[in-house]
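Visitor: After the structure tokens below, expect a handful of questions from me.
The values are calculated or read from the model by the stated rules, or taken from the named source; none is laboratory data. All values derive from a computational prediction rather than experimental measurement. As a convention, Cβ positions derive from the backbone with ideal geometry for all residues, glycine included, and neighbour counts pool all protein chains shown. The area values use the complete protein model at the heavy-atom level, side chains included, leaving out ligands, DNA and RNA. Shrake-Rupley method; radii C 1.70, N 1.55, O 1.52, S 1.80 Å.
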Amino acid sequence: MSRPSSLVDWDLAGRTARRLVKPGPQTTRTEATAVVAELHRAAATAVAHVEGLTGLRPVPGGPQPTVAVVDRPGWVDANTAGMSALLDPLAAGIQAATGKTPGALATAVGSRVTGAQAGGVLAFLCSRVLGQYEVFGSGGRLLLVAPNIVETERRLGVDPTDFRLWVCLHEATHQLQFTAVPWLRGYLEEQMTLFAEATDLDSDVLLDRLQEVLRSVVGAVRGSETDADAPQGLMALVTHPEQRAVLDRITAVMSLVEGHAEYVMDNVGPDVVPSVRVLRKRFAQRRKGRSPLDRVLRRLLGLEQKMQQYADGRVFVAGVVDLVGMDGFNQVWAEPANLPYRDELTEPARWVTRVLETRPAFPG
């Protein structure tokens, strides 16, 4: 059961999402079994290609990553755990800092409201997300959502084998980022802790704000609300310069890891994915500049104007590689001080000047 101090009733969120989830595409049992097997093979194949292109290797003796091919309810279960791991410490940190906790009635009613709203968001997303590397929650698993991959490849009219490997290249890149750079997960967790410590709202206000944010997220992912109508999201909780600095750092690192994965999946070349150019063109049309996850992040972080930095992440990676090669780019993983600043994402030459002249080399 959800803890009394939780801002969201995650059990209710999971039940709500499962009740609202849409069925996947029609497949026979034989077809479904074959898809699962091919996705496991594609995930294993992708690892070698990602390592070859990036030059990164998992840290010896580190945790062994696992691959899970899941259905939509399986993705919901994984993400209720992940979102709880992300948001519950924020609530606990604020309560500890302020010495205030919401009353029993406020907790019971408020957390159920936000739980139902979070469930609606998860139900929408679980039919659209293709894959995901679990950073929070249980952590370490690469999730591939089989019905969504099949549905998308059919809708796009692309080669299924190529598309499945292409998706796996993206997710295997995230897997490698966190297994080759073990401090990266801790860095993100630290930034969330710093955000919580700098927040001065009491728990009742935070609960009200979170309900507002989640209502906005539901409207955003369903297309019923425009950016102009959006509230500030978690930016509504930001009252100190320290918090804004934390959000800048989180945005920069998320831009980096997403841009890196985008760069890899498009640069393995036609020898690996013969129809890679067709895939990118048709997938870009599907995305139309903003995926459902992008919409959620825009609303959740309240960064509608700033989220262009996610696209900037690929510009940053490509720009640095063009200037100093992949080995030079990999110095970004040497230590947290080597991560790009927010304003360096669109000016990779500034990062090259700042980091490569002053920071120790990453062994790769």
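Visitor: Identify, please: which residue in region 298-324 is within 18 Å of the chain's Cα centre (by Cα), not charged (D, E, K, R) and not in a helix (DSSP H, G or I) and is, among those, modelled with the lowest pLDDT?
Guide: Leu303
Visitor: Would you check if Leu194 is open to solvent by 30 Å² or more (accessible area, probe 1.4 Å), part of a helix (DSSP H, G or I) and farther than 19 Å from Met83 by Cβ?
Guide: Yes: the conditions hold for Leu194.
Visitor: Looking only at residues that are modelled with pLDDT of 95 or more and not aromatic (Phe, Trp, Tyr) in region 348-364, which one is most open to solvent (accessible area, probe 1.4 Å)?
Guide: Here the residue is Arg350.
Visitor: Could you say which residue among Glu171, Glu153 is over 19 Å from Gly61 (Cα atoms) and without any contact (Cβ under 8 Å) to a residue 12 or more places away in the chain?
Guide: Result of the check over Glu171, Glu153: Glu153.
Visitor: If I ask for residues that are over 11 Å from Asn79 (Cβ atoms) and surrounded by fewer than 22 Cβ atoms within 10 Å (Cβ to Cβ), which ones from region 125-137 would you list?
Guide: Within region 125-137, Ser127, Arg128, Val135 meet the criteria.
Visitor: Looking at region 2-15, I want the residues that are surrounded by fewer than 20 Cβ atoms within 10 Å (Cβ to Cβ) and have a partner that is modelled with pLDDT under 65 and not small (Gly, Ala, Ser) with Cβ atoms under 7 Å, at least 6 apart or on another chain. Which pairs are those?
Guide: So the pair list comes out as Pro4/Thr107; Ser5/Gln95; Ser5/Thr101; Asp11/Met1.
Visitor: Looking at region 19-34, is at least one residue open to solvent by less than 20 Å² (accessible area, probe 1.4 Å) and either in a helix (DSSP H, G or I) or at pLDDT 95 or above (or both)?
Guide: No: region 19-34 contains no residue that is open to solvent by less than 20 Å² (accessible area, probe 1.4 Å) and either in a helix (DSSP H, G or I) or at pLDDT 95 or above (or both).
Visitor: Read through the list (1) touching a strand residue (DSSP E or B) at 6+ places or on another chain (Cβ under 9 Å); (2) at pLDDT 95 or above, then give the number of the only condition that Leu165 fails.
Guide: Of the numbered conditions (1) touching a strand residue (DSSP E or B) at 6+ places or on another chain (Cβ under 9 Å); (2) at pLDDT 95 or above, the odd one out for Leu165 is (1).
Visitor: Among Val272, Val257, Val253, which is closer than 20 Å to Arg57 by Cα, in a loop (DSSP other than H, G, I, E, B), modelled with pLDDT of 90 or more and open to solvent by less than 50 Å² (accessible area, probe 1.4 Å)?
Guide: Val272
Visitor: Can you tell me which residue is nearest to Pro160 (Cα to Cα) among those in region 119-148 that are among the aliphatic types (A, V, I, L, M) and part of a loop (DSSP other than H, G, I, E, B)?
Guide: Of everything passing the filter in region 119-148, Leu130 is nearest to Pro160 (Cα to Cα).
Visitor: I need the full set of residues from region 156-169 which are surrounded by fewer than 21 Cβ atoms within 10 Å (Cβ to Cβ) and in a helix (DSSP H, G or I), in order please.
Guide: Of everything in region 156-169, those that are surrounded by fewer than 21 Cβ atoms within 10 Å (Cβ to Cβ) and in a helix (DSSP H, G or I) turn out to be Leu156, Pro160, Thr161, Asp162.
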